[in-house]
1. Would you confirm, using the coordinates I've provided, whether A:Leu299 is within 7 Å of another protein chain (Cβ to nearest Cβ), crowded, with 24+ Cβ neighbours inside 10 Å and closer than 24 Å to A:Glu103 by Cβ?
2. Need pairs with beta-carbon distance below 6 Å; first residue within 8 Å of chain C (Cβ to nearest Cβ) and within segment B:140-154, second among the aromatic types (Phe, Trp, Tyr); sequence gap 6+ or separate chains.
3. Can you find a residue in segment C:50-67 that is surrounded by fewer than 21 Cβ atoms within 10 Å (Cβ to Cβ), at pLDDT 95 or above and within 26 Å of C:Ser172 (Cβ to Cβ)?
4. Taking the options A:His290, A:His295, A:His329, name whichever one is assigned to a helix (DSSP H, G or I), in the same structural domain as A:Phe359 (by TED's automatic domain parsing) and over 22 Å from the mean Cα position of the chain (by Cα).
5. Would you be able to tell me the number of residues in segment A:316-330 that are facing chain C (nearest Cβ under 7 Å) and not acidic (Asp, Glu)?
6. Mind listing whichever residues of segment C:75-86 are surrounded by fewer than 23 Cβ atoms within 10 Å (Cβ to Cβ) and at the interface with chain A (Cβ under 7 Å from one of its Cβ atoms)?
7. Looking at A:Leu274, A:Leu318, A:Leu267, A:Leu335, can you tell me which residue is free of Cβ contacts under 8 Å to residues at least 12 places away in the same chain, in the same structural domain as A:Gly192 (by TED's automatic domain parsing) and under 20 Å from the mean Cα position of the chain (by Cα)?
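The values are calculated or read from the model by the stated rules, or taken from the named source; none is laboratory data. Everything quoted here is computed from the prediction, not taken from an experiment. Methodologically, a virtual Cβ is constructed for each residue, glycine included, from the backbone with ideal geometry; neighbour enumeration extends over all protein chains shown.
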Amino acid sequence: METLMLITNFNNRRCDLELKSCLLTAVTCAHWFCLVFCESSLSARSAEGTMRGTSTNMRLKLPITCFILEIILIILFCALVEYDKETDAKQWHNSSDHNYQNEFYYRYPSFQDVHVMIFIGFGFLMTFLQRYGFSSVGFNFLIAAFALQWATLMQGFFHGMHGGRIHVGVESMINADFCTGAVLISFGAVLGKTSPVQLLIMAMFEVTLFAVNEFVVLSVVGAKDAGGSMTIHTFGAYFGLMVTRILYRPNLDKSKHKNSSVYHSDLFAMIGTLYLWMFWPSFNSAITAHGDDQHRTALNTYYSLAACTLATYGLSSLTAHDGKLDMVHIQNAALAGGVAAGTAGEMMLTPFGSMIVGFLAGVISVLGYKYLSPILEDKLKIQDTCGVHNLHGMPGVLGAIVGAVTAALASVDTYGSGMEDVFPDVASGEIQAFSQGVRQIIALAVTLGIALVGGLIVGFILKLPIFGAPPDTICYEDSIYWEVPEEEEGHGNQLTAVRVSEETKKLNA
Amino acid sequence: METLMLITNFNNRRCDLELKSCLLTAVTCAHWFCLVFCESSLSARSAEGTMRGTSTNMRLKLPITCFILEIILIILFCALVEYDKETDAKQWHNSSDHNYQNEFYYRYPSFQDVHVMIFIGFGFLMTFLQRYGFSSVGFNFLIAAFALQWATLMQGFFHGMHGGRIHVGVESMINADFCTGAVLISFGAVLGKTSPVQLLIMAMFEVTLFAVNEFVVLSVVGAKDAGGSMTIHTFGAYFGLMVTRILYRPNLDKSKHKNSSVYHSDLFAMIGTLYLWMFWPSFNSAITAHGDDQHRTALNTYYSLAACTLATYGLSSLTAHDGKLDMVHIQNAALAGGVAAGTAGEMMLTPFGSMIVGFLAGVISVLGYKYLSPILEDKLKIQDTCGVHNLHGMPGVLGAIVGAVTAALASVDTYGSGMEDVFPDVASGEIQAFSQGVRQIIALAVTLGIALVGGLIVGFILKLPIFGAPPDTICYEDSIYWEVPEEEEGHGNQLTAVRVSEETKKLNA
Amino acid sequence: METLMLITNFNNRRCDLELKSCLLTAVTCAHWFCLVFCESSLSARSAEGTMRGTSTNMRLKLPITCFILEIILIILFCALVEYDKETDAKQWHNSSDHNYQNEFYYRYPSFQDVHVMIFIGFGFLMTFLQRYGFSSVGFNFLIAAFALQWATLMQGFFHGMHGGRIHVGVESMINADFCTGAVLISFGAVLGKTSPVQLLIMAMFEVTLFAVNEFVVLSVVGAKDAGGSMTIHTFGAYFGLMVTRILYRPNLDKSKHKNSSVYHSDLFAMIGTLYLWMFWPSFNSAITAHGDDQHRTALNTYYSLAACTLATYGLSSLTAHDGKLDMVHIQNAALAGGVAAGTAGEMMLTPFGSMIVGFLAGVISVLGYKYLSPILEDKLKIQDTCGVHNLHGMPGVLGAIVGAVTAALASVDTYGSGMEDVFPDVASGEIQAFSQGVRQIIALAVTLGIALVGGLIVGFILKLPIFGAPPDTICYEDSIYWEVPEEEEGHGNQLTAVRVSEETKKLNA
């Protein structure tokens, strides 16, 4: 909550009295929330006495968290948010723009594609676990619905203020979904090992840090990152990896038999994979400049993904047992081409350049899943459930480097007067193209720094034993937080199912 | 069929001779259809002798219904329907509009989102039942494909006639899909308890009544309802509730064990939920005025849904057993925010206003599922399979009231010259804003009246024992109307499966 | 590879020296590829000795194929492909077009719908087999990702060259996806009986022949075929049927028990069906002329599909056992209306004309599944797994004939100055409308000829025992090419599973 106050102070001068009183109410709510929350946790703890000092019963924790967060959001939206010119009846009709020029028609289809990626793409990609489908889709839904509201505020604070008010429209919707994407990447790292309350708390902090990092990278450093190789993928991955490192569970192998897929769960996951793959061109091009820029970004991403897919299939077959394809690679590594084209996608990367980038991304991603992930888990104690390091981390860094190189090589000869859209500071003569490349590298370093330090701090916050995290023995299991249909619970390994439900009963006391 | 004739008479003066003869053919077809249909039913009945006086064998009933309905549709389309200016080669090229100004580019992406909601959204939302997935998706597909054609005619009769001809284009496609949505809501109330023939007959009457109600609400009363809180959701829900009340089955508990979900069926249902959730902003904004109106409607709906989701998760955990989340709530109540923003979405509801509306909708929806549905079933004998009262009924009424209040508070100060788009009669000075609010309330009353009376009548029609409704013992079961893969039939409860297939065999004699 | 060289020669004059050296490298790569490939196959064969002279182990074959193909693609893209005016920063900014006029905004939403059809639609439509879901979705993904890159080159060679360079943008993306569609149709015919290497080889040749046929039909003959009834559906279907005829497996009944669906696999397939159904209006209208043409095509397809669905349900119930609906018909025949509206969709077919076409398409498609497919298999030895003859073959021919008739009946009275968009040669007075009809029929004949002869040749190439095709006993089975989760392998028929895995082990030696 301190972060919230800090940011509020940051904009204090512009806030009028009414706003101040609203915020006061919000902060009071937040304090009350913390008090009630801790008390409920303490009483729950004393009630059960044993069980690792924690209860996974969400009866009070989750409702309190949801309601207080939503009430704070409503109060802050009331105080701070208003329609932008394109959505306000009066302002739009006062302007001389024709209805057909409304931003809605040039951004909304892209927004809907991004929206599908966030809710169906990320949600179903994580349903590969045999008994964690409800949580994968359901918690993804919950934290995304929260994060996009909170992101509207946080991103507004940092780069959307107009006379003390945050303006919203389709661009803010896309940006909020982007920020949500970073949170969902981090969710992938801790998948199966966290309670919904932990995830909401993580989302709250991560969105804030995301907005700070985005502000530094784009506005202070002056880097370009339309598709978010750095701000979304690198940030989300390394933040999540640090959180999962801090939340390291030495006895996680007790849940090992559930940390795998079954036949149908892998098919559900392919729904997520394919939606991410198909709509990634829309993702990378959603907020680039109108005209050739959006068009070119979509095209580059399309080629990068296609090349990445062939690399993934080839390498999966080469490295896997008996030459058989591994679903984990197909579901994940085939997407690395979209991540890696995030920064350079809007630049004059050329189609074959995009294909090379995609090919490399697919190669490092499969190699990561095959050889690096086991090392990270054994040596560095990073339990990365979805392998976000291979899908978002390394390809994100690759994308940042490709972006830096492409920027450094930019010339008026290639870009013409289109240089203004892509590199405005180079076009205005303020800096050289090479300096733009340096900026991109600085942006990568800043992103890594903020992600790792932020993940460290947030990891320790999430370690507080009041958020109802599951014990090591019942990770990757829906029945701890969801009412699961009974007849299916006994399906498969009968013994396990019985043990689980007994243990769960105790925990939910 | 009388309704059809009535409407035809209504437009009689404008119809030329050719048209009259066509309609005559259509009505003759319809008569022939009724005769053949009844005969086939009677012969089927006598053939089997016993079995509750009804046969679920669709061999003659369904083909006859489908073919006759489609032939009538083709004849009426031939007589009445033509391309509008935007789709007709000659007219479009005669106009001075540039190709880029064609309505196609400003409505079609929204149409496609609505289309996905109708076929994937509604279809998969209802697959939650363990053995009713084929019927949920399949009957949804069938009645939607019929309803959208029939709706084109019915809506055309009432508000799309140009010189005796119905003009079609992307707007008529969206409106037809909207009308189809209302039918599918009613389908949700009777899910698992009706034959496909009953559903087609219900769709035929409901579409007609929908068009009448829409005409009265929008053109006679002069209310606004772009997203259909009243015309679609309230109408569809209360119509369906009344139909299911009339079709009350006192011995439905014999099929009770099948009226529940299994693990994977709940995941399939989440596909439906998420598509409805993601594309609801497109639904509410699909036919609002161009420019700021469409943009604002999408934005308001987006915030309403996000707030609704947090309310749903919080309240589901608070009310459910052991603090665990209930999939029924997540699948349904999280959507109530879209329903409730249907009327006021295009107005200057403000972002935080939308969030409050969504929050309230989520709360009443979860409470409805938890506490009201059992009461409705026990006391009022309303067996509402999908709980459409909680998802569409109450949130629809809430949306109507919110719309009335927002309309009553409208001022030129807020809307500027945008008032013309949203409240043309207020803008022209014909009425005061307060009167617009009164209109909205009258529209709600009219909608409830037509829905309930219409549902009553149609319910009794559907009760006729000639449509092949399933017996109480084999409700919620695909195998009665579908060839179901054999090896899976024995899966799970062997005894049940065997009993079912024997009973089914008798019925299908 | 000869084909490739041939085409290269075709454009030789325009290629500069740099290009020549690039192509030389590519061809060298290809040669090296063939050598290594054959050697690896031979060594694999000798290693195992027995087992029908073939090994299904993909360890070397698939990686080599993927990597070499992608490297060739990158080299050719480097030599030949560049951004078109709409995607190039310099050229776009040099033109006087406003950003909002960029083609991106008028084609990209359609492109995304087509993209969903290719990857989700085709992919999931084929998941109906009980143990072939990974391969259906996964191989669909692989060959589509390859085919769209290769199609960009092949289509560019034949009708996208500008000064020796292929120009790419959203139109080339749509065209590449279209060509990919034809390959996936052929994939449907051989589904379950081919290795991924065979499929890639088939895709390579089929894309080339597709581009040749498309060039002949559209540019030489001068026919119109915007939605591809001929170029995509008829071509893809008859090509695939001929390939599967050549690859005839007399002992395929040994895998018969796996050539069927289970409950959940049919639901997954419905995802594919519905996405194809919903987005078909976008498919047919994606590359028609702007304005009324795109609008009208979408509208016609929409009505055709709706009518087709009613015909399908009616006839499925009429022909199937006990009047029950057959999922195979619903999943496939309901789509025939989109196929049949592919050629005439952009013409003034009228709404009721579209409905008649759709109705007929549904009827012939269901009758084909019910009565023709068994005959084709028994008498003509055509083992057509997905029944592409019924979904794409016959409806495609119907669509071609409807297109010819509609074209022959075109008059200035109906089209006005819109004639220029639809039939430019008729509008310019070069030919009569009747001659356009004749052209359409010639185009159909050409398409059938090239498809059948091409399929014959490619079938024999695929029969070479070096591509790792599965033996007759383990067709329709994922575990031969995929790591399948273990606990599910024993699910269902224990005996079968054990036999399979032992046999698989031997093969993968």
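1. On the way: within 7 Å of another protein chain (Cβ to nearest Cβ): yes; crowded, with 24+ Cβ neighbours inside 10 Å: yes; closer than 24 Å to A:Glu103 by Cβ: yes.
For A:Leu299, the condition - within 7 Å of another protein chain (Cβ to nearest Cβ), crowded, with 24+ Cβ neighbours inside 10 Å and closer than 24 Å to A:Glu103 by Cβ - is met.
2. B:Leu142/C:Tyr313
3. Yes: segment C:50-67 contains one or more residues that are surrounded by fewer than 21 Cβ atoms within 10 Å (Cβ to Cβ), at pLDDT 95 or above and within 26 Å of C:Ser172 (Cβ to Cβ).
4. Values: A:His290 fails: assigned to a helix (DSSP H, G or I); A:His329 fails: over 22 Å from the mean Cα position of the chain (by Cα).
When all the criteria are applied, what remains is A:His295.
5. Taking segment A:316-330 first, the residues facing chain C (nearest Cβ under 7 Å) are A:317-318, A:320-327, A:330.
After this cut, where a residue has to be not acidic (Asp, Glu) as well, the list is A:317-318, A:320-321, A:323-325, A:327, A:330.
So the count comes out to 9.
6. If the condition is that a residue be surrounded by fewer than 23 Cβ atoms within 10 Å (Cβ to Cβ) and at the interface with chain A (Cβ under 7 Å from one of its Cβ atoms), then C:Cys78 is the only one that fits.
7. Values: A:Leu318 fails: under 20 Å from the mean Cα position of the chain (by Cα); A:Leu267 fails: under 20 Å from the mean Cα position of the chain (by Cα); A:Leu335 fails: free of Cβ contacts under 8 Å to residues at least 12 places away in the same chain.
Every option except A:Leu274 fails the conditions.
Here is a yes/no grid of residues against (1) closer than 22 Å to C:Gln440 by Cα; (2) assigned by TED's automatic domain parsing to the domain that holds C:Met117; (3) modelled with pLDDT under 95:
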| site | (1), (2), (3) |
| --- | --- |
| C:Ile143 | no, yes, no |
| C:Phe158 | yes, yes, yes |
| C:Cys179 | yes, yes, no |
| C:Leu247 | no, yes, no |
